[in-house]
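The values are calculated or read from the model by the stated rules, or taken from the named source; none is laboratory data. Small disclaimer: the values here were computed from a predicted structure and weren't measured. Every residue, glycine among them, receives a Cβ derived from its backbone with ideal geometry; neighbour counts consider all protein chains shown. These area figures cover heavy atoms from the full protein model, side chains too; ligands, DNA and RNA do not enter into them. Shrake-Rupley method; radii C 1.70, N 1.55, O 1.52, S 1.80 Å.
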Amino acid sequence: MNNKEFVAALAKRCGTTTADATDTIESFVEVITECLKENDQVNISGFGVLEVKMRNERVSVNPKTGQRFLVPPKIVPAFRPSSKLKDKFKD
């Protein structure tokens, strides 16, 4: 499902226009982004937790040249699905 199909499905399910659904999704993403920038977790009940994690620095190797280099530490967004979401995918 691409973004256009997602917006159409959300608009249909909520009984709104695609423009309203697009605005809702954009606002949702903005709020989550702001929270993650402030190092806050976003817990969506029944879906999961969005949070930021610190990746440690590491040594990497260029496979073509064999040259080793240091990859600096960085902060990355992470998602942990809830147990309810995991259960929906069990066989």
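Given the criterion among the aliphatic types (A, V, I, L, M) and in contact with a helix residue (DSSP H, G or I) (Cβ under 8 Å, 6 or more places away or on another chain), identify the matching residue among Ala19, Ala78, Ala11.
One residue alone meets the criteria, Ala11.
Here are the criteria: (1) modelled with pLDDT of 95 or more; (2) more than 15 Å from the chain's Cα centre (by Cα). Tell me which single one Lys88 does not satisfy.
Condition not satisfied by Lys88: (1).
Can you name the residue in the range 49-91 that is assigned to a helix (DSSP H, G or I) and touching a residue at least 12 places away in the same chain (Cβ under 8 Å) and, of all such residues, is surrounded by the most Cβ atoms within 10 Å (Cβ to Cβ)?
This residue is Leu85.
Please enumerate the residues belonging to the range 21-48 that are in contact with a Cys (Cβ under 9 Å, 6 or more places away or on another chain), open to solvent by less than 80 Å² (accessible area, probe 1.4 Å) and part of a helix (DSSP H, G or I).
Ala21
Among the residues of the range 1-20, how many are surrounded by 12 or more Cβ atoms within 10 Å (Cβ to Cβ) and not acidic (Asp, Glu)?
8
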